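To keep things clear, I will list the structure first and then write my remarks on it.
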Amino acid sequence: MQEGCRGRFTSCLRMTLETGWERLPAERLRTQDAAGRVAYRDIAAGHDFPPYNRSAVDGYAIRTHGRGGTSGSEELEVGGLSLSAAQVHQVVSAECIEVSTGTPLPEGFDLVVKKEDATLSGRKVLPGRHMPWENVAVRGERT
C-alpha cells in the first residue's frame, strides 16, 4: 500500500470511529449490480459445493478404515485411477487409488498422500506415515 493510501485510510478510519456511523437500510439488487457493495447480512448456500470430498493434491487416495492413518510400513496396491465427478458415487473396492488435484474421492477414502511423499514400485505404493484427512478438501470447502 502506498503511503498516501495508508494515510487516507487511517484518516477515514479515525473519523468514522470518532463520529460513529449509521447503518444504511438494506437494498435488493441484482447480482450484476452489486459489485463493490457489502452484503447486509450473511449469505448461505442451499447446498455444499462441490458436493463431494476431493483431493487437494496429486497423489494416492487411501481408505484408512478408522485406523488413525497409515503406519508407514504397509505397502498398498494401487487399484485404480482418478474418477470423474460423475463416477464419485460408484462403489470402489480398492484401498488405494491414484488421484489428481480436485479429483472427487469415493465414499470411505479419507486420506490423500502426495505423490512426492510416497514410493511407487510397479502397482504398489508405500505411502509413509500419515493421518486421516490430510490433503483432503471436504465437501463445501474452498481450497
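Output the qualifying pairs, or none if there are none: Cβ atoms under 8 angstrom, residues six or more apart or on different chains, first residue in segment 35-57 and over 16 Å from Glu141 (Cα atoms), second residue assigned to a loop (DSSP other than H, G, I, E, B) and among the small types (Gly, Ala, Ser).
Tyr40/Ala26; Arg41/Ala26
Return a yes/no flag: does segment 23-31 have any residue that is more than 30 Å from Asp110 (Cβ to Cβ) and modelled with pLDDT under 85. Before the answer, list the steps.
First, the residues of segment 23-31 that are more than 30 Å from Asp110 (Cβ to Cβ): 23-31.
In the following step, the residues that additionally are modelled with pLDDT under 85 were identified as 23-24.
Yes, the conditions are met somewhere in segment 23-31.
All but one of (1) of a type outside the set (Phe, Trp, Tyr); (2) at pLDDT 90 or above; (3) in contact with a Lys or Arg (Cβ under 7 Å, 6 or more places away or on another chain) hold for Gly122, so report the exception by its number.
(3)
Return a yes/no flag: does segment 101-111 have any residue that is surrounded by 12 or more Cβ atoms within 10 Å (Cβ to Cβ), hydroxyl-bearing (Ser, Thr, Tyr) and at pLDDT 90 or above.
yes
The values are calculated or read from the model by the stated rules, or taken from the named source; none is laboratory data. Just so we're clear, the structure is a prediction, and the values are computed from it rather than from any experiment. Virtual Cβ from ideal backbone geometry, glycine too; neighbours counted across all protein chains shown.
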